[in-house]
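The values are calculated or read from the model by the stated rules, or taken from the named source; none is laboratory data. As the structure is a computational prediction, the values presented were derived from the model and not from experiment. Counting neighbours? That spans all protein chains shown, and the Cβs are built from the backbone with ideal geometry, glycine included.
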Amino acid sequence: MNILVINAGSSSLKFQLYAMQWESVLAKGKVERIGMDSAILTYEPTDMREVREVSEILEHTTAIRKMLKLLLHPEHGVLKDIHEINAVGHRVVHGGESFSGSAIVDDEVKREIRRLFDLAPLHNPAHMLGIQAVEANMPSVPQAVVFDTAFHQTMPPVAYLYPIPMVLYKKHQIRRYGFHGTSHAYVSERAAAILGRPLEDLKIVTCHIGNGASCTAVMNGKSMDTSMGMTPLEGLMMGTRSGDIDPAIVPYAMDKEELTLGEVSSMLNKHSGLTAISQLGSDMREITEAMEAGDRSARLAFEMYEYRLRKYIGAYAAAMNGMDAIVFTAGVGENSAVLRAAVCRNLSFFGVELDEEANSRRESGERVITRNSSRVQVLVIPTNEELVIARETHQLILNQNNVV
Ligand code: ADP
């Protein structure tokens, strides 16, 4: 069975085609600048030459049509017939309280995703465009949706409620949802497999540290708390997002700087975090280099980032009354040996014994970076959200076929 995985943003669309028999990628690519006359389509068929096209792509439907044309192209294609795509799986950021798992797309599911537009105005409408674009081009192909929030639906009320008037939760569903769920679920499962222990017996803190960053307390295979909240702004310090701040700063800054709500929201989402403190931008590579060259703002940004991450790890060890493993994943987590070393060195109290050599070795695969004697094992596990979406979609289609 071949599954096409789509991650649709408001002006971009990423895709990956999987052959599920071997879980191998046949082709992948992306369309950027949708809505413009110079949209860029990049297409990478496995073991073949990359194709790059610049053309007018005004809508997601056109982006999907162009992608299909390349997948079926006599020279660059990896398929002979469009019917070789058996299903499409979409990443959807917000599933609210309605979805604790993935779902086959039908009218009811679409209605529910629309109802959640308010909770994720930057994401869910774009995902809906992706779903409709697939419908327009491949009307008979089943589609599934896999939610970033679903894994966290196991959180207990003590973790997901905010201590504010209950009417806000009851009337407006204001609560913690958490994000990056497919990644946290995937790396915690891989960690258990690598450690050779049942996931159901483990207390793991998973750290998904990319441009956006979140930490999850995974207890016995279930998310019991996570650092992102109702939106992806809460929690860790990130590339451009502030993470946790005193909420009273918002009205105070609005008053003192004469900011509108929109401006303050943009400040916290786009001009805070590493960017604000380092004054160099949000890329951890540049910040680390500048820090090593003696830049004091870069050092402060790095130290705040590491400190805030470590506080969450400690909090989750307390929340779970123990911690067997810490997992680092995503762009910074997988690649920044310097950040991992700083975090681990400061967690010796918990029994973390870093293997400095294993941590700084230049390799990209899954690995343990602590000594055998370490009471808490620390692992680096490359995330693979697309594979999780393909697997979930595959399973839903198999279940559906069995029922019919
Ligand atoms: P996104 O959240 O957009 O999916 P990624 O998980 O791809 O982001 O992470 C992107 C970030 O990873 C970049 O901003 C960069 O700071 C960081 N990164 C990538 N490679 C390295 C590296 N070698 N060292 C430190 N940071 C890195």
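Picking from Y160, Y177, Y186, Y169, which residue would you name as being in contact with a His (Cβ under 7 Å, 6 or more places away or on another chain), of a type in the set (F, W, Y) and modelled with pLDDT of 95 or more?
Y177
May I ask you to list pairs of residues, at least six apart or on different chains, whose Cβ atoms are under 7 Å apart, with the first in the stretch 335-346 being in contact (Cβ under 8 Å) with a residue 12 or more places away in the chain and the second being not in a helix (DSSP H, G or I) and not small (G, A, S)?
If the second residue must be not in a helix (DSSP H, G or I) and not small (G, A, S), the pairs left are R340/F328; R340/I369; A341/L354; C344/V352; C344/L354; C344/V378.
So which of T275, T226 ends up being modelled with pLDDT of 95 or more, under 30 Å from F350 (Cβ atoms), within 16 Å of the ligand (Cβ to nearest atom) and among the hydroxyl-bearing types (S, T, Y)?
T226
In this structure, is L41 assigned to a loop (DSSP other than H, G, I, E, B), modelled with pLDDT of 95 or more and at negative phi?
Taking the combined requirement at face value, the residue does not satisfy it.
Report yes if some residue within the stretch 235-248 is within 15 Å of the ligand (Cβ to nearest atom) and of a type in the set (S, T, Y); otherwise report no.
yes
Among what's in the stretch 290-349 and is polar (S, T, N, Q) and over 22 Å from the mean Cα position of the chain (by Cα), pick the residue that is farthest from the ligand (Cβ to nearest atom).
It comes out as N321.
Taking only pairs six or more apart or across chains, which ones have beta-carbon atoms under 9 Å, a first residue in the stretch 114-125 that is under 14 Å from M230 (Cβ atoms) and in a loop (DSSP other than H, G, I, E, B), and a second residue that is of a type in the set (A, V, I, L, M, F, W, C) and at pLDDT 90 or above?
The qualifying pairs are L119/M230; A120/V92; A120/V93; L122/V93; H123/V92; H123/V93.
Restricting attention to the stretch 33-43, which residues are closer than 24 Å to E385 by Cα and either buried (at least 18 other Cβ atoms within 10 Å of the Cβ) or more than 25 Å from the chain's Cα centre (by Cα) (or both)?
Hits for the stretch 33-43 are I34, L41, Y43.
One line per residue, one yes/no per condition, for (1) out of contact with any Leu (no Cβ under 8 Å at 6 or more places or on another chain); (2) among the basic types (K, R); (3) touching a residue at least 12 places away in the same chain (Cβ under 8 Å); (4) surrounded by 20 or more Cβ atoms within 10 Å (Cβ to Cβ):
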residue: Y305; (1), (2), (3), (4): no, no, yes, yes
residue: F349; (1), (2), (3), (4): yes, no, no, no
residue: E353; (1), (2), (3), (4): yes, no, yes, no
residue: G365; (1), (2), (3), (4): yes, no, yes, no
residue: V378; (1), (2), (3), (4): no, no, yes, yes
residue: T393; (1), (2), (3), (4): yes, no, yes, yes
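Write out, first by first residue and then by second, each pair whose Cβ atoms fall under 8 Å of each other, whose residues are 6+ apart or on separate chains, and whose first residue, in the stretch 223-239, is within 13 Å of A330 (Cβ to Cβ) while the second is of a type in the set (V, I, T).
L236/I209; G239/T275
Taking into account only those residues within the stretch 194-218 that are crowded, with 23+ Cβ neighbours inside 10 Å and more than 16 Å from the ligand (Cβ to nearest atom), which is farthest from E303 (Cα to Cα)?
V218
Filter the helices (runs of 4 or more DSSP H) completely within the stretch 153-212 down to those with at least 3 residues that are among the basic types (K, R). Let's see the steps before the verdict.
Values: elements: 157-160, 166-172, 181-195.
By residue number, no helices (runs of 4 or more DSSP H) qualify.
Residue by residue through the stretch 1-23, note down the ones that are assigned to a strand (DSSP E or B) and small (G, A, S).
Once the filter is applied, which keeps residues that are assigned to a strand (DSSP E or B) and small (G, A, S), the stretch 1-23 yields A8, A19.
Enumerate the pairs (first residue in the stretch 203-215 and in contact (Cβ under 8 Å) with a residue 24 or more places away in the chain; second residue anywhere and within 12 Å of the ligand (Cβ to nearest atom) and among the basic types (K, R)) with beta-carbon separation below 8 Å, excluding pairs fewer than 6 apart on the same chain, so at least 6 apart or on different chains.
Matching pairs, first to second residue: G212/R241.
State all residues of the stretch 164-189 that are among the hydrophobic types (A, V, I, L, M, F, W, C) and farther than 18 Å from H94 by Cα; if no residue qualifies, say none.
I164, M166, V167, L168, V187
Name the one entry in T329, T370 that is over 23 Å from T226 (Cα atoms) and in contact (Cβ under 8 Å) with a residue 24 or more places away in the chain.
Checking each option against the conditions leaves just T370.
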